[in-house]
Amino acid sequence: MSPPAAETAARRGAAPITSLDSLVAAHPGTLSELFVAARPTDPAELGDAPRGRLLAFAPGAEVFLAFRPLLRALGGGLMPWRGKTFDHGGNSGQNVLLNRRAFRFQAEVALSRLDGRPALALTYDAPAHGNPWPVSALRDELRTVGPGVAIGPAFFLPPGASAPVALLWFGLESAQRPG
């Protein structure tokens with residue numbers, strides 16, 4: 001069995017991930033390797049209001065170079081999504097859209113839909129949250145890839161489908177990152 005990507009990168013002398021900037025418009029395969037080699041995110045590591053960035057679209061990995069300019073523009077501030085807030089000790093929170101809170105989620109460690117290992121799962125389907133469809137059909141997953149830096153896929157479960165579809169890769173970083 002081959003070593004995890006993070007261990008291989010460390011042996012090659014790759015720089016540790018200290019910011020999401022280097023991951024915006026990365027190939028989805030690279031993001032997947034980083035995610036698989038990482039550990040579940042503890043919301044406390046990210047703080048109450050981590051900043052968010054769109055990193056890549058999951059579909060179309062074979063033509064990701066064509067989307068890089070768009071991803072860089074969206075990741076650079078044109079996207080209305082700004083990140084998330086965590087409350088109740090990190091077990092719930094909301095998304096931040098144009099500096100307003102929206103779309104409550106529940107946060108708990110659960111098995112990843114990507115590789116079946118533990119990840120921090122953010123789910124939007126609790127009736128008490130009142131999220132409309134299609135938001136209620138989303139699930140975000142996070143793993144820590146560096147100090148105060150977490151990445152993961154966002155999944156969507158279409159009506160009548162037996163399996164979720166990966167939509168995109170996103171990241172969160174602490175507003176008070178170490179370093």
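The values are calculated or read from the model by the stated rules, or taken from the named source; none is laboratory data. Computed from a predicted model, the values in this text were never measured in an experiment. Heads up, the Cβs are rebuilt from the backbone with ideal geometry, glycines too, and the neighbour counts pull from every protein chain shown.
If you take the residues of region 152-179 that are outside any strand (DSSP E or B), out of contact with any Gly (no Cβ under 7 Å at 6 or more places or on another chain) and among the hydrophobic types (A, V, I, L, M, F, W, C), which of them is farthest from Ser32 (Cα to Cα)?
Looking only at region 152-179, we keep the residues that are outside any strand (DSSP E or B), and these are 157-164, 174-179.
Those left that are additionally out of contact with any Gly (no Cβ under 7 Å at 6 or more places or on another chain): 157-164, 179.
After this cut, where a residue has to be among the hydrophobic types (A, V, I, L, M, F, W, C) as well, the list is 157, 161, 163.
Values: Leu157: 19, Ala161: 23, Ala163: 18 Å.
Per the stated criteria, the residue is Ala161.
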*What is the residue count in region 98-116 for residues that are modelled with pLDDT of 95 or more and farther than 21 Å from Ala44 by Cα?*
5
